[in-house]
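Each value in this text was obtained by applying a stated rule to the coordinates, not by laboratory testing. The structure displayed is predicted, hence computed values, not measured ones. Because the Cβ atoms are built from the backbone with ideal geometry, glycine has one as well, and the counts that use them run over all protein chains shown.
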Amino acid sequence: MDHIKQQMEILEVGYRCPSNIALVKYWGKKSTGVQLPANPSISLSLGDLYASTTVKASPRTDVAFVFTLAGASKPSFEPKIEAFLNKIAVDCAWLSDYTLYIDSVNNFPHGTGIASSAAGFGALSLCVAHIEQLLMGYAALDGRVNGMDFWQRSSYLSRIGSGSACRSMYSQPAVWGESDAVAGSSDLYAVEMGVAVHADLSGWKDVVLIVDDGEKSVSSTAGHALLENHPYALARFGKAQENLASIVGAMRDGNVKSFIEIVESEALQLHAMMMTSLPYYVLMRPNTLAIIEKIWQFREETGLPMCFTLDAGANVHLLYDGKKDETVMNFVHNELLSYCKNRQYLCSETGKRPVLI
Ligand code: DP6
């Protein structure tokens, strides 16, 4: 133990972890287990929108962790981190011997509706999984913990913090939730899609059009809970299973038409579930719809490979073939930014994995 404590004092790691955008949506949790999805989902990592987190593990003082956001204390973040560390203590018994000094910063503004919790919990989990490897001996474990490799283990831990976070670990499209269409898929952690993406559907980019940067009226966690006793939940979970299988085939075969149809339908189904929950609610704003209509019109006129998707908020993600960057960005500037709050938008490539910093 003394030996471990000596090691602990120099245990400091850092990871940069991307956010991600779901193509087939995770919406609804199983009623048993810790944060297990009611249906499988698939996402692309947003490598240019990331959290950078460092964790230093030192012999335990009277506190389990100290959290800072870019060096400054941020008490409002502490309850979520505390709950997360308490939940993963079952898996990481060693945490009780340590105080974690956690510092995190996102390279995109908080409250823009893009999944900061995915990047944040992803980066923190990567640090925890890395320290676990250092403490337990990577070689002795062959890099595996409970049968999971490092990325799966990081994904497993981050899932407990926020479900969507577990899909931020891979450069390939990431699948979370059991599906017959994806070998090795699991409810416990995300895996890579496992088949190569066709050239016509790789190298796509995302422009996030910020329609509303305020606090959401209903959080994702509350939204998931409304799927219990939802009249259309079972039909939705079945449709997501089908869409997952179809989109994997479309990405493999380069079927752009089918890809676009599934992605846009998934976004609208997500919001349809919100509108048909009890209590019902609407997170789209008038400018969300205005942007969607502009995208449809532009696609009709130009035939360019592009589509929209939404997460649980008012902002619109415009996904497009990166080879058409100039034309699409001109369209964004000329036709879409007037619908954005203070003309705000964020850009990212897709398909980058986390990196050690
Ligand atoms: C609409 O992962 O934020 O973005 O697991 O409760 O933290 P918790 O929820 P969260 O839900 C994200 C839902 C979504 C769709 C998706 O990312 O698949």
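Things worth noting here:
- One chain, two ends: Glu261 and Ser171. Fully extended at 0.36 nm per residue, the span grows by 30.1 nm beyond their Cα-Cα distance.
- Evaluated at q = 0.11, 0.12, 0.13 Å⁻¹, a Debye calculation over the C-alpha positions of the range 199-349 (equal weights, vacuum) places log10 I(q)/I(0) at -0.45, -0.54, -0.63.
- Inter-centroid distance (Cα atoms) of the range 12-86 relative to the range 146-163, Å: 11
- In terms of other Cβ atoms within 10 Å, Met306, Met169, Met273, Met136 run from fewest to most in the order Met136, Met273, Met306, Met169.
- Helix 150-161 axis versus longest C-alpha principal axis of the chain: approximately 80°, rounded to the nearest ten.
- If the chain linking Tyr281 and Asn342 were pulled fully straight, counting 0.36 nm for each residue of separation and taking away their Cα-Cα distance, it would gain 19.5 nm.
- Residues with amide H under 5 Å from that of Lys29, placed H, sequence gap 5 or more: Ala38
- Residues of the range 198-214 with amide N under 12 Å of a point placed 7 Å along Cα→Cβ from Gln297: none
- Radius 13 Å from Cβ of Glu178, net charge of other residues (Lys, Arg +1; Asp, Glu -1): -1
- The alpha carbon convex hull volume per residue for the range 11-197 rounds to 123 Å³.
- Cα→Cβ-extended label distance, 7 Å offset, between Glu78 and Leu356, nm: 3.2
- Cβ-Cβ FRET estimate between Asp97 and Ala70, R0 fixed at 41 Å, reported to 0.05: 0.90
- The range 72-132: projected area of the alpha-carbon convex hull, averaged over directions, in nm²: 4.6
- Ordering His317, His198, His224 by the number of other Cβ atoms within 10 Å of each residue's own Cβ, fewest first, gives His198, His224, His317.
- Compactness of the range 275-357 is given as radius of gyration and Dmax, 14.8, 44 Å, from Cα positions.
- Relative to the longest principal axis of the Cα atoms of the chain, the long axis of helix 233-253 makes an angle of roughly 80 degrees.
- Taking every alpha-carbon pair within the chain, the share separated by more than 25 Å comes to 53 percent.
- Net charge in the neighbourhood of Gln344 (other residues with Cβ under 15 Å of its Cβ; Lys, Arg +1, Asp, Glu -1) is 0.
- Note on the chain: with a GNM built from Cα contacts shorter than 10 Å, the maximum mean-square fluctuation among Ser73, Ser171, Ser116 falls on Ser73.
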